[in-house]
Structures are given as structure tokens and as C-alpha cells.
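Read through the structure below, which is laid out as C-alpha cells, and then see the notes.
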Amino acid sequence: MKPAVRLTMAQALVRFLSAQRVERDGREHRFFEGCFGIFGHGNVTGIGQALADQPELLTYYQARNEQAMVHAAAGFAKMRNRLGTLACTTSIGPGATNMLTGAAAATINRVPVLLLPGDVFASRRPDPVLQQLESPSRGELSVNDCFKPVCRYWDRIQRPEQLVPAALAAMRVLTSQAEAGAVMLALPQDVQAEAFEYPAEFLEDRIWHVGRPLPDSASLDGAAALIRASKRPLIIAGGGVIYAEATGALRQLVDRTGIPVGETQAGKGSVPFDHPSAMGGIGATGTFAANRVAAQADLVIGVGTRYSDFTTASKTAFQDAGVRFVNVNIAEADAHKLGGVALTGDARATLEALAERLQGWAASPDYRERCTKLHAEWDEEVSRLYHLGHAGLPAQSEVLGAVNELSGPRDVVVCAAGSIPGDLHKLWRTRDAKGYHVEYGYSTMGYEIAGGLGVKLADPEREVYVLVGDGSYLMMAQELVTSIQERLKLTVVLVDNEGYASIGGLSRSKGTAGFGTRYRYRRDGSLGDDSGQREGKPLPVDLALNAQGLGAHVIRARNIEELRDALVEAKAIDQTVVIHVPADRYEGVPNYDSWWEVPVAEVSDSRDIQKARKEHEREMARRRWLV
Ligand SMILES: Cc1ncc(C[n+]2csc(CCOP(=O)(O)OP(=O)(O)O)c2C)c(N)n1
Ligand SMILES: [Mg+2]
């Protein structure tokens, strides 16, 4: 037996994290590429001491905001197909709770991140310490308990030896393709500094194998029989296709059978945009190609999708009376959704097994031809919207067109909230499986720059284009500083339309006049509507100047030509560039044969709301149970 090693709990944790490795398909590498952190009491002398003591074990990255560092870790993990991530260490109290939104986003997107907040003294002797939550009824509560619902694994290390089972349990969840999400080990500050004789085996290199499990053959046979019997099958490619590196297997199946593919936000890039079977984005923010095929599909094969309301257009996307579902998913809960035949397994292995069973079968030539035609018609619509020739301020679709046309095939576009994700889902011509990175599970305003930083860290060879609205920018722009400090170049395109254009549009479409969604001075004592009627004067805000103040190289583009020039100029600059471009708040991309359920008041004196309610009721009647 090797002798035990006397270390503090924090030192043992850092040693342990640096020794964790992951392997899939024979490719092996370390799991934690580093550790983001902001220090305060609660981690500066515990984890902070351990990181400083042996900096070669785990690279430390300084961040500006704890939420942002969780987003950066999540962006990194998503870019690495969930086979790697970063740890995040924080102080106790607000440093810890700042991570809550990041944790929820990671868990909802099924992306592994390890959160290591400080916690109050396990000894309780100095209670209440600075920032401690005091509960008159529960001695064991701390603010870190509020992470329990948003973490896939949660523990508090009350004694140094407890680290051994807790760290191993955390790793199992982080490397599980079905369960990955945020994992928290809350670290009482006194315990971090306490020593223990840690078993040598605990500290040694450990390889976590990520397998490719298959569904049982009876289920595969049943699913193949359903596909063979279908006349209008449709594949919905979700994030699981990309995470499982199943794009090649999907491509082969599609080439052979001619089944068209619609993509979710996380699954966009599963097939290149110019493939004749590519119908593009599906659902509420989908293309007319995908949505028309979905409306008539008699069999939907969901691969690695959670079937969010955006994907199912709030359960209105599938209108065929007998539509059935086959669901390939590593997570059993997802495989069983919509009353589908559950193929619980790895996407790549399962698609290959299905392809074998479908040999000699293909969709009918008529159906394939119809889909190819829709594909071509959609591509024309994209070209039209890329080159609208819109008078006045640029239309957002033209901005996206310029970025798409001037970025390289392997470059990555990053986005999360506002009107840009929906427009990207429809319009972005994705050429590479990792070229489209939109966080749309939680659609977190503020993810964009922080997430982009994580993407760049995960793959520094690629150019990263962060598309961010002015609203999201104002929520979290500070990681521009981190990108400059770490020399991780981002090209940020800051689309300024005076506030929350997406929600303004949503509000107007539901009869509520865009209330409270535009950045304008108050007029007549109230925040006016957004219909151009009762607006106050513009605010004296200059976001380009703000970005410059944070150290970015800033280019102001006033129109599409200047944006194009700026994008070319940005390529030659080797530090973070922010291109500020104004956009027409009202020139949106239309919806194509789709709906998203957002409730409208059942009673109101407003004519506009009454009208919107009628429309809402018509759409609600189209919802299917799909159970
Ligand atoms: C943290 C957070 N708060 C609120 C929302 C709700 N929300 C979604 S989009 C949006 C407005 C986004 O504004 P901006 O970034 O300027 O994009 P635009 O809508 O103008 O395209 C809001 C408030 C959200 N998604 N995330
Ligand atoms: Mg905006």
C-alpha cells in the first residue's frame, strides 16, 4: 500500500482535480483545464493557497463576476462536447450566490461545470461570520443551499475525509452524458485549511471512460419498423448529436435514406446548411422548410433533443393525426418524451445501429424532391434577408448576413438572448458542427461575452464572433477585461437597438404596446410604450465608449458597408475587438409557420389585447397533447 499523503482538504482537492482524465473512443485527456476564481474570505486562504502553492496543477484564471465565470466554464464545456470543463472557486456569500444563474444555465443545458464556493465555518465557533445567512430554525442552512435545485450533485464537505467520496461522486455526475450539469461542492472555510492523511490512490490519475451504450435490440427493431413504414419521416437533431460526435453517422443515414433534418438551437450544425436534406432550424424560431415538413410528418425521429417548447412550437408543430415519435437519447427521461419509442443510448452508436436496420430502405423520391425544393426555397429567403437593402438603420438580418459572409467556415458564432438567437436559428448558415454556439436552454442575458470567452479558451485556433444585444451587453460586459488579460481574442458585434427589442416586439404582438422595453427617458411621468407614439428622448449612453473603457479595440459601424469593413479590419487585430452597430428596432425577421405559447390576458378593456387574445385562443386550439 502506498503511504497516505498529508494535505489540507483544499490541497487534496486541487491535486485530485488535476488528476482527473476522461476518455472516449480511445482519446484521452484531462478533464479540468483550469480553475476560474474570484477570491474573498472563504477561499483565499484555502483553495487560493492550494492553487498558488502548485500553480502547475491547475491553471488559475481571474474573472470579474462569478456568474460570468460559470458561463465561461459552460461555454468551454459545450465547445469540448462536454468532455472537459473548468472549476469555479468563490468566496462565501454574494460571491457564491452570484453563481446561481450560471449553475441553472449549465444544468438546463446539460453542460458540466464544477462550482466550489466557500461556506461558513463547519465548527460554527465564530458564527455569524461576515455574509453568513442566519436562520433561527435551521442550524445547517447557508446561502449555498439555494443551489440544490439547480445542481445535479450537491454536497458540503464538513470534514476533510468527506472529500474522498464527495469528489468521486461529483466526477461521476460531471462525466455522465445523461446527468451532466452543475455540480457543487460547498467548502466550509475552516475545513479547506484542515489537514488529513489522504489515500494515495485518491490522488492518482483516474480515467473516466465515456461509453457509447446502445438501446436493446428489440427497441431498435421496433423503431426501424416504424421508420420503414413511414411516408413522411423527419429527424430532429438536438444538441446530443453534436455532443456525441454523431454528425458523421447522421449524415450517412440521411444521405442513404433521404430523411430531412430539422435542427434545434443546440443541434444546429448537425448537418451543414447546404446539404439538400437540411431544413434548418425547427419550431418557434424555425424555417418554413422545417416547419412545413414537421406539420405533415407522420414520424418524428428526435435525436438528442429535450423537445423544448421552442422545438415543438408549444406542441403545435406536428399536425398529422397519427404522428409517432422515436427518441434517441442518452437520458432516459428525454427518450420517453412525447409518447415516443424510447431508444435510450448514445446518439452515434444508436444512429449506426438504426442505419444497419434500414439498409435498402429510403424515403420516397417524391418526398425527397419536395424536401430538396423546400431547402432551396429557404436558402433564397436567407439570401433575401441577408441583403434586404433596408433604408435607414441596418436590419438585424443584414447584420447577421454580413457576419456570416465575412466569417470563416470554422469560426464560431456565440449568442444567448434577445432577438438575435431566433434570427440566427433561422438565418445562420452553419458550416461546421462547432460553428454555432447559442445558449438557448436558459437564454441567459449576459452569457454572450462570458460564454464566448470559454469557447475561445476551449479552441483558441478558431475565431469567435460574439453577437450581443445592447441589453445583454449592459447586463454583463465585464469579461471583455478577462479576454484582454488572457489574450483570448473575441470579435464582439454589439447590436444596439435601444433596449429590449425582442420583448418589445413580443409585447406589441400581444397587444401590450412594448411597455417598458425601450431605453428612453421617462415622459409624462411614466415609462411610455414602444410604438413610436409616446416615447421620451434617447438616453445619452455610449456603449462603444464603454467597451473602449474596458480596454477593447472599438470600431463604430453606422451602416452595413461600414460593418463589412469593420469585420475585415477586425481580422487583422490580435486583441478583443468590439464592433458597435446600430440596428432598426422594428425591422424583424418574420415567423414562419410557427407559434410560441405566451399567455394573453383573458379580460382587458384594450382592443389590441382582446384581438391578441382571440388569436391566442385560435392557436391554443391547435396544440396537441403528444403523450
Ligand atoms: C437575465 C435575463 N433577464 C431577462 C431576460 C428576458 N429577456 C429576454 S430577451 C430580453 C431583451 C434582450 O435585449 P437585447 O440584449 O438588447 O436584445 P434585443 O431584444 O434588443 O435583440 C429580455 C429582457 C433574459 N432572457 N435573461
Ligand atoms: Mg437590444
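The values are calculated or read from the model by the stated rules, or taken from the named source; none is laboratory data. Just so we're clear, the structure is a prediction, and the values are computed from it rather than from any experiment. FYI the Cβ positions are ideal-geometry reconstructions off the backbone, even for glycines, and counts take in every protein chain you see. Accessible surface areas use protein heavy atoms only, side chains included; no ligands, DNA or RNA. Shrake-Rupley method; radii C 1.70, N 1.55, O 1.52, S 1.80 Å.
Scan segment 351-367 and give yes if some residue there is outside any helix (DSSP H, G or I) and open to solvent by 60 Å² or more (accessible area, probe 1.4 Å), otherwise no. First the steps, then the outcome.
Of segment 351-367, the ones outside any helix (DSSP H, G or I) are 358-364.
Cutting the leftovers down to open to solvent by 60 Å² or more (accessible area, probe 1.4 Å) gives us 359-360.
Yes, because at least one residue in segment 351-367 is outside any helix (DSSP H, G or I) and open to solvent by 60 Å² or more (accessible area, probe 1.4 Å).
From the list Gly505, Gly471, pick out the single residue that is within 16 Å of ligand 1 (Cβ to nearest atom), open to solvent by 10 Å² or more (accessible area, probe 1.4 Å), touching a residue at least 24 places away in the same chain (Cβ under 8 Å) and not in a loop (DSSP other than H, G, I, E, B). Break it down into steps so the answer makes sense when it comes.
Values: Gly471 fails: open to solvent by 10 Å² or more (accessible area, probe 1.4 Å).
Unique residue meeting the criteria: Gly505.
Looking only at residues in segment 474-502 that are assigned to a helix (DSSP H, G or I) and near ligand 1 (Cβ under 9 Å from one of its atoms), which one is most open to solvent (accessible area, probe 1.4 Å)?
Here is the first cut: in segment 474-502, the residues assigned to a helix (DSSP H, G or I) are 474-475, 479-485, 501-502.
Those still in the list that are near ligand 1 (Cβ under 9 Å from one of its atoms) too: 474-475, 501-502.
On the way: Leu474: 93, Met475: 108, Ala501: 15, Ser502: 38 Å².
Looking at residues that are assigned to a helix (DSSP H, G or I) and near ligand 1 (Cβ under 9 Å from one of its atoms), I get Met475.
I'd like to know if segment 119-130 contains one or more residues that are of a type in the set (Phe, Trp, Tyr) and either closer than 17 Å to Phe36 by Cβ or free of Cβ contacts under 8 Å to residues at least 40 places away in the same chain (or both).
Filtering segment 119-130 for residues of a type in the set (Phe, Trp, Tyr) gives 121.
Cutting the leftovers down to either closer than 17 Å to Phe36 by Cβ or free of Cβ contacts under 8 Å to residues at least 40 places away in the same chain (or both) gives us none.
For segment 119-130, residues of a type in the set (Phe, Trp, Tyr) and either closer than 17 Å to Phe36 by Cβ or free of Cβ contacts under 8 Å to residues at least 40 places away in the same chain (or both): absent.
For the list (1) within 15 Å of ligand 2 (Cβ to nearest atom); (2) more than 20 Å from Trp378 (Cβ to Cβ); (3) charged (D, E, K, R), I need the number of the one condition that Asp423 fails.
Evaluating Asp423 over (1) within 15 Å of ligand 2 (Cβ to nearest atom); (2) more than 20 Å from Trp378 (Cβ to Cβ); (3) charged (D, E, K, R) leaves (2) as the failure.
Tell me, please, whether a residue that is assigned to a helix (DSSP H, G or I), within 33 Å of the chain's Cα centre (by Cα) and within 24 Å of Leu51 (Cα to Cα) can be found in segment 191-199. Write out each step before concluding.
Going through segment 191-199, the residues assigned to a helix (DSSP H, G or I) turn out to be 191-192.
If we keep only those that are within 33 Å of the chain's Cα centre (by Cα) as well, we get 192.
Narrowing further to those that are within 24 Å of Leu51 (Cα to Cα): 192.
Checked against the condition, which is being assigned to a helix (DSSP H, G or I), within 33 Å of the chain's Cα centre (by Cα) and within 24 Å of Leu51 (Cα to Cα), segment 191-199 yields at least one hit.
Filter segment 111-133 down to residues that are open to solvent by 50 Å² or more (accessible area, probe 1.4 Å), more than 16 Å from Gln192 (Cα to Cα) and touching a helix residue (DSSP H, G or I) at 6+ places or on another chain (Cβ under 6 Å), then give me how many there are.
Total meeting the criteria: 1.
Would you mind stating whether Val143 is open to solvent by 30 Å² or more (accessible area, probe 1.4 Å), of a type in the set (Val, Ile, Thr) and at pLDDT 95 or above?
Values: open to solvent by 30 Å² or more (accessible area, probe 1.4 Å): yes; of a type in the set (Val, Ile, Thr): yes; at pLDDT 95 or above: yes.
Criteria met by Val143.
Which of the numbered conditions does Gly408 fail, given that it passes all the others? Conditions: (1) open to solvent by 10 Å² or more (accessible area, probe 1.4 Å); (2) within 16 Å of ligand 1 (Cβ to nearest atom).
Evaluating Gly408 over (1) open to solvent by 10 Å² or more (accessible area, probe 1.4 Å); (2) within 16 Å of ligand 1 (Cβ to nearest atom) leaves (2) as the failure.
Do we find a residue being out of contact with any strand residue (DSSP E or B) (no Cβ under 9 Å at 6 or more places or on another chain) and within 14 Å of ligand 2 (Cβ to nearest atom) anywhere in segment 479-501?
The answer is no, given that none of the residues of segment 479-501 is out of contact with any strand residue (DSSP E or B) (no Cβ under 9 Å at 6 or more places or on another chain) and within 14 Å of ligand 2 (Cβ to nearest atom).
For segment 437-452, does any single residue satisfy the condition of being hydroxyl-bearing (Ser, Thr, Tyr), under 16 Å from the mean Cα position of the chain (by Cα) and more than 16 Å from ligand 2 (Cβ to nearest atom)?
At the first step, the residues of segment 437-452 found to be hydroxyl-bearing (Ser, Thr, Tyr) are 440, 442-444, 447.
Checking the rest, the ones that are also under 16 Å from the mean Cα position of the chain (by Cα) come to 440, 442-444, 447.
Now drop any that are not more than 16 Å from ligand 2 (Cβ to nearest atom), which leaves 440, 442.
Scanning segment 437-452 turns up at least one residue that is hydroxyl-bearing (Ser, Thr, Tyr), under 16 Å from the mean Cα position of the chain (by Cα) and more than 16 Å from ligand 2 (Cβ to nearest atom).
Among the helices (runs of 4 or more DSSP H) confined wholly to segment 215-279, which include 1 or more residues that are without any contact (Cβ under 8 Å) to a residue 40 or more places away in the chain? Steps first, please.
Details: elements: 217-229, 239-243, 247-257.
Correct list: 217-229, 247-257.
Among (1) open to solvent by 10 Å² or more (accessible area, probe 1.4 Å); (2) among the aromatic types (Phe, Trp, Tyr); (3) in a helix (DSSP H, G or I), there is one condition Tyr442 misses while meeting the rest; what is its number?
Against the list (1) open to solvent by 10 Å² or more (accessible area, probe 1.4 Å); (2) among the aromatic types (Phe, Trp, Tyr); (3) in a helix (DSSP H, G or I), Tyr442 comes up short only on (3).
With Glu562, Glu587, Glu602 as the choices, which residue is open to solvent by 70 Å² or more (accessible area, probe 1.4 Å) and not in a strand (DSSP E or B)? Working first, answer last.
Numbers: Glu562 fails: open to solvent by 70 Å² or more (accessible area, probe 1.4 Å); Glu587 fails: open to solvent by 70 Å² or more (accessible area, probe 1.4 Å).
None of the others qualify; the one that does is Glu602.
Looking at Arg15, Arg64, which one is in a loop (DSSP other than H, G, I, E, B), of a type outside the set (Phe, Trp, Tyr) and touching a helix residue (DSSP H, G or I) at 6+ places or on another chain (Cβ under 7 Å)? Explain how you work it out, then say what you get.
Numbers: Arg15 fails: in a loop (DSSP other than H, G, I, E, B).
Answer to the selection: Arg64.
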